[in-house]
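Data block below; observations after.
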Amino acid sequence: MNAAPGRRCCCPAGPRHWLATGVAYLASASFCLADNNPSGHRGEMSIGYQYIHIDGYEATFGKLDLGTTDTHILNFDVSFAVTDRWSVSLGIPLVRKRYHGPLPHDPDSIIPPADQENIDDGKFRTDFQDFHLGVNYRAWENANFSFSPFISYGTPSHDYPFFGNAAIGQNLWKLELGFDLVYVPTFSYWYFRFAPSYEFVEETLGVNINNVRVNAAAGYFVTDRVSLNAFVLAKQGKGLDFPEDFPPPRNDEFWFNHDRMARHNYVNLGLGLEWQVDPMYHVSLSWMTMVHAEQTHIMQDTITMGLSKAF
C-alpha cells in the first residue's frame with residue numbers, strides 16, 4: 001500500500017473491542033502488520049496502557065449522579081501473520097478499577113443475597129478480564145485500498161464479579177464480525193479507515209444486547225515516520241433502559257444482572273499520534289472523550305499509550 005513516496009500506512013487502533021463497564025476499550029494504536037513489518041518479520045507483540053475516568057450515568061431522564069470510577073488497564077496482545085493474507089491475534093487486558101460515590105452496589109442487598117464480593121468499597125480491584133482471539137483475512141489490496149474481513153471472539157478469563165460500579169466487565173462471551181477498509185489517496189499524505197462490525201453477545205435472562213460498532217479514522221503523515229489521526233468509536237445496540245425497565249425495589253436477580261442487560265450506547269471522539277521509531281518499534285498516544293451517551297456510564301477522558309515490537 002503506497003501512501004506517499006517513502007511513507008508507510010500507520011493505521012489507528014484495530015477493530016478489536018473490550019468492554020470496561022459500558023465504555024469501549026480502545027486498544028493501543030497499532031500499525032498495519034502487513035504494511036509496516038519489514039521483510040522477515042511475521043508478528044507483533046504489543047503492550048498498551050489506558051486510563052479511563054467515568055463520572056455519572058446517562059439514564060432516560062438525563063445524567064444520574066452515580067459517582068466516579070477510575071480505571072487503569074494494561075493490555076497484552078500478540079499478532080502473527082500465518083500467510084501473506086491470514087493473520088491471527090491473541091490478547092488479554094489486566095484491569096485495575098475503583099469506585100467513589102453515593103450509590104454502591106451491595107450484593108447482600110439482593111434477595112436472596114448474591115454470591116459475590118462487594119467491589120464498591122472504594123478500594124482498587126485488579127484482575128484479568130476477557131481473553132480475545134481474532135482472525136483477519138486481507139481479501140483485497142492495491143496501491144490505494146485494503147479490504148480485510150475479520151472475526152473476533154472474547155470470553156471471560158474466569159468468573160469475575162460483574163455486579164458493581166467497579167466491575168471490570170460484564171462476564172459474557174462476545175463474537176464480533178466485521179471488515180476493515182483502508183484508503184490511501186495516490187501521492188497523498190492522508191489515509192482513511194472505516195471498520196464497521198456487528199457483535200453477538202451472550203444473552204442474560206433472555207435479554208438481547210447485540211450491537212453494531214463503527215471504528216473510523218482519518219490520518220495525516222507529518223513525516224515519513226510520524227502521523228496524526230482523528231477517530232470516532234460508536235456503538236448502537238439493543239438492551240434495556242433505566243429506570244423504566246428496572247422498577248423498584250431493585251433487589252432481585254433481575255437487578256443483580258442490570259449492567260449485563262442495559263444498552264450502553266455511545267459515540268466517542270479522539271485524537272492520536274503514531275510514531276514508527278524504526279523497523280522494529282512503534283509508539284502510539286491517543287486521547288478520547290464521549291460526545292454522546294445513552295444508557296451508559298459517562299466517560300469524561302481516556303488516555304491511551306502503546307508500544308509494539310515486530311518479530
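The values are calculated or read from the model by the stated rules, or taken from the named source; none is laboratory data. Quick caveat: nothing in here was measured; it's all calculated off a predicted structure. Cβ placement follows ideal geometry from the backbone for every residue including glycine, while neighbour counts extend to all protein chains displayed. The area values use the complete protein model at the heavy-atom level, side chains included, leaving out ligands, DNA and RNA. Shrake-Rupley method; radii C 1.70, N 1.55, O 1.52, S 1.80 Å.
General observations
- Spacing of the modelled spin labels on Tyr220 and Tyr153, each 7 Å from Cα toward Cβ, amounts to 4.3 nm.
- Expressed as a whole percent, the proportion of Cα-Cα pairs in the range 91-159 lying more than 19 Å apart is 61%.
- With the helix formula -39500 (n - 2.57) applied to DSSP H stretches of n ≥ 4, the chain reaches a computed 222 nm mean residue ellipticity of -500 deg cm²/dmol.
- Of Gly219, Gly48, Gly56, the one that fluctuates the most in a GNM where the chain has Cα springs shorter than 10 Å: Gly56
- The chain: most fluctuating residue of Met290, Met299, Met280 per GNM, C-alpha cutoff 10 Å: Met280
- Links that overshoot a 25 Å alpha carbon limit, given the list Lys63/Lys235; Lys97/Lys174; Lys63/Lys97; Lys97/Lys309: Lys97/Lys309
- Length gained on full extension, Leu90 to Tyr281: 66.8 nm, using 0.36 nm per residue less the C-alpha separation.
- Largest-first principal axis extents of the Cα set of the range 66-205 (Å): 61, 29, 25
- Compared with the rule-of-thumb size 2.2 N^0.38 Å for a compact globular protein, the range 43-115 has a Cα radius of gyration ratio of 1.70.
- Evaluating kT/(6 pi eta Rh) at 25 °C and 0.890 mPa s, with the Kirkwood radius of the range 134-247 over Cα pairs in the Stokes-Einstein relation, gives 145 µm² s⁻¹.
- Separation of the Glu203 and His41 label points, Cα + 7 Å toward Cβ, nm: 4.6 nm
- Ranking Thr126, Ser148, Leu90 by Cα position along the charge dipole of the chain, where only Lys, Arg, Asp and Glu carry charges on their C-beta atoms, puts Ser148 farthest toward the positive end.
- Translational diffusion of the range 209-268, µm² s⁻¹ [Kirkwood Rh, Cα pairs; Stokes-Einstein; 10 °C; 1.306 mPa s]: 111 µm²/s
- Check: the chain dipole with +1 on Lys, Arg Cβ and -1 on Asp, Glu Cβ, in debye: 1220 debye
- Where the chain is the region considered: accessible area per residue in Å², 1.4 Å probe: 42 Å²
- Note on the range 178-232: along the principal axes its Cα atoms extend 53, 18, 14 Å, ordered by decreasing extent.
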